[in-house]
Every structure is written in structure tokens, then in C-alpha cells.
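Visitor: Here it is, the structure in full.
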Amino acid sequence: MATMETITGKDRIKMITTHYIDGGFVESHGRETMDIISPTSGNLIGRVTLGDEEDTRRAIAAAKRGFATFGRSTKEDRAKILRRLHEATSARLDDLTTAMVEEYGGVVQFARPIVESGINAFLASEKALQELELTRSWGKTTVTLEPVGVAGLITAWNANALFICLKLASAVAAGCTVVIKPSELSSLQTQVMIEALHEADLPKGLLNVVTGLGNVVGAELVRNPDVAKISFTGSVAVGQRIMSDGAATMKRVTLELGGKSPSILLDDAALDQAIPSALVMAFLNSGQACAAGTRLLVPKRRLDAVKRAIRDAMPAFTVGDPADPKTAIGPMVSQKQWERVQSYIREGIEEGAEVLVGGEGHPPGFEAGYFVKPTVFVNVTNGMTIAQEEIFGPVLCVIAYDSEDEAIRIANDSRYGLHASVLGTDLQRARRVASQIRAGRVVINSMMDDPQAPWGGFKYSGIGREYGRYGIEAFLETRAILGTL
């Protein structure tokens, strides 16, 4: 099956002209094209034809036809499909990782585990489905959990494989058919993913994928009355628009909208362990991660020691070729994102924060791509722009506090509430502090994951939860039948 045409000239350019609708690859009705630029080199590496409203409506119609059958499927039917999806995507692990490194600039030491997490979401959803009680009865009442219908899945560019697999796994487990609108910045990755998913031999109409712009394809999904549910990962501004526009057709929504995550370093923390851990969380996915711990709260009396520990630990966070396993920080996804990060670094300096390491411009020797210097600011107050707004790059703000209560107050003084961490040696104390942070997930001492634990945020970080039974339940409605048995 050849769905990606390669032309040979001075450079090797990958051409994508199809979408995936009703079980097959179909030529795009939309004719607008977009160049795909390597963030590592700045060179043209591909071109994608973007879908339009007609492509989207065709995909929605296919999903609606498919739901008429798949919506009545059994747990076992869905479990078999989830296992096939896991098998099919596992076979393309290397290709999916390579595509993420090439197109997005994700460092391979992060890209491979994040792709694996996506692939494993199918088995995690199967496990959660088997444990989920879909029918409950008492007296003369029976309550069933029913699939909500056709679901529109709109995914972000910073972890394409993870988002597609995670949302698809939950929707399939619930019995929904889907139309996926992946980020157009992830077109090469999406193509590999669709090829993998196609091999799972899915029922017609279950999976449909249209690559296009948010204000075209995404907007049609949100306003179309045949789409019952939107699951979106992306910016607050777009999430707000989805809520507003989706209200006209009573859309159910799950929104994961980012964060400005705090890491509270307690006064008993061992700096030789805590600081490298804090930097890993800050520079996660080159800083292009909604969960990145970009505010490090430290006891004022230990500030000088923390600054020394940061300087000592920074050599491990090397900038370079994302395909090199030793590289910790790769390029930003685009020129636009590079400029965004630079503007925040300049604003931090103008606001009076001190650059401990890093600063403006490209790292020496990396002028061709969209590389930034990993930057740590000290003398930051929580009211500064760099401490309140999501930068989405490798920029860490160090904020000093006087007491544990003040640290908790600062941690919660944000419109976001997605993720947080607590660093300390007294685990009972760390858990007590963690329980007071207004965030959807809090980790202690290191970045960790649990595929059955809920993922989602408080406040402006979004609405609803993903992963495990929580993710499946987001695609279900309850129905009660009352009567004589």
C-alpha cells in the first residue's frame, strides 16, 4: 500500500495527498497545501494537502454509518479490536519514533518512550474496559453506560502518536466511532500512524482521519450536529472556542489545555537528586510539554545552594541532534514557536529576572534549526509574565519562598492546574503538601506515570479526564430503564 509519494530532486520530499475515510485512503477534496519544514535543519522535507469542510463532512458521515453497528458492539468485540490496534502499532514503533524525531524534532530519548506510551494505551484501555461495569441493576431499575456517538478527536503537535492512540483507545473501548483531526504540523507522523492503524482490520467507519487547519476541519467537527463529543488537546483559547461553539449542538467535551506546573522543593530535599529531577521535569520534551515543571519553588535560605546545583547539573542537558541518544533538548517545532520562546526570554529580562543559564538566541553551532538555549531564570516573582504564562519551551523560573504555606500558596497562584511535583525526603510530608496543590496530577520526587490514573486539569487546564476508566467514561452516557422485571 503506497500512500506517501516520494519525489527525488535536490532533496527528498514526502508528499501526502490523502485522508483516511471509511476504511480507506482517499484523495483530498481540499486543495490547499502546506510545506513541512524540518525543525532540526530548517529544510523542506514534505508537503501535505489539507482537508476542507467537504472532506470533514464525508468523514463524519462515514463515522455516523459505522456507529449504527459499532455502537451496539460488546465488550469482547471492543477488546479484540483494542488488541489488534496494539499489535498493529507495535509493529511500526521504530517508524513512528523516526517520524517524530524527523518532523517534530523530538529527542529520541523522549520520542521512543512517548510513542510506546501511546501504543500501550490500547492495552491499558482494554484492561480498564474489562473492569468497568457497563450495566447496573437494582429493584426494577437498570442503568446502562452507552457510547455517546461519533467523537471528534482533535490532537496537538507535541506528542502526536500518544494523543491519537490515547483518545482512540478510550473511544473504541466506549463503543464510539471517531473522526480525528491531528495537527497539520504532525502530517508525516500521522501518515505512518494511519498506515499502522489500517492494518488492524477495523470495521468500516470506525476510524476516520482528516488532516487540516483547526479553523476549517476542527471548526466543522465542532459545529456539525452529527458529532456528539469533542476531545481536544491544545491551547486555552481554542478550548474556550470549542466550548462556546459546541454549545449550539450540545457537544460533550473533554479539554486538556496546558499548564504552568509548579515543582515545590522542600527544605529537606537532597539537592544532588532533587535538582536533576526538577530539571528533567522542566525540560521535558524540550520544554514543549503541558506537564513541564516550569516553576521551581525553593526555600529562600537554600537559594544559593540551589543555584550552584543547577549550574552543576546543566551540562547533562545537552542541546543537539534529536536523533542522537545523548541529546536531551532538541529544537522547537517551528520558527513561530522559536520566536515565541525568544519573546518570553526577552520579557523575563525586561521584567527584572536574572538569567542564571541560557538566554536569548541560538546555542552556538545550532543556527540552522529552531534551537533555543535552555534557560533558567532566578530572582523571579510569581506575578511576572514568565511565571504565569505557558512558554512551551525549555525555560525554568526559580521562585523563592519563606515557608511551606507560602510555597503552597504560590503553587496554587496560577490560572492553570494540570500537573505538579513535590521534592523532599520526608514522603509523608511530601504527600501532605501534594494534597494541598490544586492540580489534576501531582508526582513526588520524579516524573512518573500510571496508565490507569486520571489525566486532566483544574481551572484553565481544562475539563474532564483521560486515561483508564476515566477516559472511557468520558465517551459514555448513562441510560436508565425502569419497569416491571
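The values are calculated or read from the model by the stated rules, or taken from the named source; none is laboratory data. No experiment lies behind these values; they were computed from the predicted model shown. We place every Cβ from the backbone using ideal geometry, glycine too, and count neighbours over all the protein chains shown.
Visitor: Restricting the search to segment 364-423, which residues are polar (S, T, N, Q) and touching a helix residue (DSSP H, G or I) at 6+ places or on another chain (Cβ under 8 Å)?
Guide: Selection gives Thr375, Thr381, Asn382, Thr385, Ser414, Ser421.
Visitor: Which of the residues spanning segment 26-66 are over 26 Å from the mean Cα position of the chain (by Cα) and among the β-branched types (Val, Ile, Thr)?
Guide: Going residue by residue through segment 26-66, those that are over 26 Å from the mean Cα position of the chain (by Cα) are 26-32, 54, 58, 61-62, 64-66.
Answer for segment 26-66, where residues must be over 26 Å from the mean Cα position of the chain (by Cα) and among the β-branched types (Val, Ile, Thr): just Val26.
Visitor: Then there is this: Those residues that are touching a residue at least 60 places away in the same chain (Cβ under 8 Å) and either surrounded by 18 or more Cβ atoms within 10 Å (Cβ to Cβ) or farther than 20 Å from Met193 by Cβ (or both), I need them from segment 33-44; list them, please.
Guide: Correct list: Ile36, Ile37, Ser38, Pro39, Thr40, Ser41, Gly42.
Visitor: Would you say Ser235 is of a type in the set (Ser, Thr, Tyr) and free of Cβ contacts under 8 Å to residues at least 60 places away in the same chain?
Guide: So Ser235 fits the description; yes.
Visitor: Also, I was wondering about something else. In segment 80-94, which residue that is in a helix (DSSP H, G or I) and buried (at least 17 other Cβ atoms within 10 Å of the Cβ) is farthest from the chain's Cα centre (by Cα)?
Guide: Ile81
Visitor: Does Ser183 qualify as being surrounded by 19 or more Cβ atoms within 10 Å (Cβ to Cβ), small (Gly, Ala, Ser) and touching a Leu at 6+ places or on another chain (Cβ under 7 Å)?
Guide: no
Visitor: Looking at segment 421-444 only, could you name the residues that are within 22 Å of the chain's Cα centre (by Cα), assigned to a loop (DSSP other than H, G, I, E, B) and not β-branched (Val, Ile, Thr)?
Guide: Arg438, Ala439, Gly440
Visitor: Given the conditions (1) in contact with a Gly (Cβ under 6 Å, 6 or more places away or on another chain); (2) outside any helix (DSSP H, G or I); (3) within 30 Å of Tyr104 (Cα to Cα), and given that Ile386 satisfies all but one, which numbered condition is not satisfied?
Guide: Checking Ile386 against (1) in contact with a Gly (Cβ under 6 Å, 6 or more places away or on another chain); (2) outside any helix (DSSP H, G or I); (3) within 30 Å of Tyr104 (Cα to Cα), the one that fails is (2).
Visitor: Given the structure, is Thr190 outside the structural domain of Ala278 (by TED's automatic domain parsing), touching a helix residue (DSSP H, G or I) at 6+ places or on another chain (Cβ under 6 Å), crowded, with 24+ Cβ neighbours inside 10 Å and among the hydroxyl-bearing types (Ser, Thr, Tyr)?
Guide: No.
Visitor: Report those helices (runs of 4 or more DSSP H) wholly inside segment 265-374 carrying at least 2 residues which are free of Cβ contacts under 8 Å to residues at least 12 places away in the same chain.
Guide: Helices (runs of 4 or more DSSP H) meeting the threshold: 303-313, 335-350.
Visitor: In segment 209-238, which residues are surrounded by fewer than 24 Cβ atoms within 10 Å (Cβ to Cβ) and either closer than 23 Å to Gln388 by Cα or not assigned by TED's automatic domain parsing to the domain that holds Cys165 (or both)?
Guide: Of everything in segment 209-238, those that are surrounded by fewer than 24 Cβ atoms within 10 Å (Cβ to Cβ) and either closer than 23 Å to Gln388 by Cα or not assigned by TED's automatic domain parsing to the domain that holds Cys165 (or both) turn out to be Gly234, Ser235, Val236, Ala237, Val238.
Visitor: I'm trying to understand the selection: among the residues of segment 430-446, which are surrounded by fewer than 15 Cβ atoms within 10 Å (Cβ to Cβ) and over 18 Å from Ala292 (Cβ atoms)?
Guide: Arg431, Arg432, Ser435
Visitor: I've got another one for you. Determine, yes or no, whether Glu184 is of a type in the set (D, E, K, R) and in contact with a Lys or Arg (Cβ under 9 Å, 6 or more places away or on another chain).
Guide: no
Visitor: Has segment 458-471 got at least one residue that is in the same structural domain as Ile275 (by TED's automatic domain parsing), more than 29 Å from Leu82 (Cα to Cα) and assigned to a loop (DSSP other than H, G, I, E, B)?
Guide: No; the residues of segment 458-471 include none that is in the same structural domain as Ile275 (by TED's automatic domain parsing), more than 29 Å from Leu82 (Cα to Cα) and assigned to a loop (DSSP other than H, G, I, E, B).
Visitor: How many residues does segment 236-264 hold that are more than 25 Å from Leu213 (Cβ to Cβ), under 19 Å from the mean Cα position of the chain (by Cα) and not in a loop (DSSP other than H, G, I, E, B)?
Guide: Final tally of qualifying residues: 1.
Visitor: Filtering segment 450-467 down to residues that are over 19 Å from Thr294 (Cβ atoms) and of a type in the set (D, E, K, R), which residue is farthest from the chain's Cα centre (by Cα)?
Guide: Per the stated criteria, the residue is Asp450.
Visitor: Give Gly464, Gly468 a once-over and let me know the one that is on the phi > 0 side of the Ramachandran plot and surrounded by fewer than 23 Cβ atoms within 10 Å (Cβ to Cβ).
Guide: Gly464
Visitor: List every residue pair whose Cβ atoms sit under 8 Å apart, with the two residues 6 or more apart in sequence or on different chains, where the first one lies in segment 93-122 and is within 27 Å of Ala173 (Cβ to Cβ) and free of Cβ contacts under 8 Å to residues at least 40 places away in the same chain and the second, anywhere, is of a type in the set (Asp, Glu) and surrounded by 19 or more Cβ atoms within 10 Å (Cβ to Cβ).
Guide: Between residues of segment 93-122 that are within 27 Å of Ala173 (Cβ to Cβ) and free of Cβ contacts under 8 Å to residues at least 40 places away in the same chain and residues that are of a type in the set (Asp, Glu) and surrounded by 19 or more Cβ atoms within 10 Å (Cβ to Cβ), there is no close pair.
Visitor: While we're on this one: Do we find a residue being within 18 Å of the chain's Cα centre (by Cα) and touching a residue at least 24 places away in the same chain (Cβ under 8 Å) anywhere in segment 140-147? Lay out the reasoning, then the answer.
Guide: From segment 140-147, those within 18 Å of the chain's Cα centre (by Cα) are none; that's our starting set.
No, segment 140-147 contains no residue that is within 18 Å of the chain's Cα centre (by Cα) and touching a residue at least 24 places away in the same chain (Cβ under 8 Å).
Visitor: Related question: Could you list, in sequence order, all residues of segment 33-71 that are in a loop (DSSP other than H, G, I, E, B), in contact with a helix residue (DSSP H, G or I) (Cβ under 7 Å, 6 or more places away or on another chain) and under 30 Å from Gly175 (Cβ atoms)?
Guide: Gly51, Asp52 - these are the residues of segment 33-71 that are in a loop (DSSP other than H, G, I, E, B), in contact with a helix residue (DSSP H, G or I) (Cβ under 7 Å, 6 or more places away or on another chain) and under 30 Å from Gly175 (Cβ atoms).
Visitor: Right, next: Which members of segment 110-122 meet the condition of being of a type in the set (A, V, I, L, M) and either in contact with a Pro (Cβ under 8 Å, 6 or more places away or on another chain) or surrounded by fewer than 18 Cβ atoms within 10 Å (Cβ to Cβ) (or both)?
Guide: Correct list: Ala111, Ala121.
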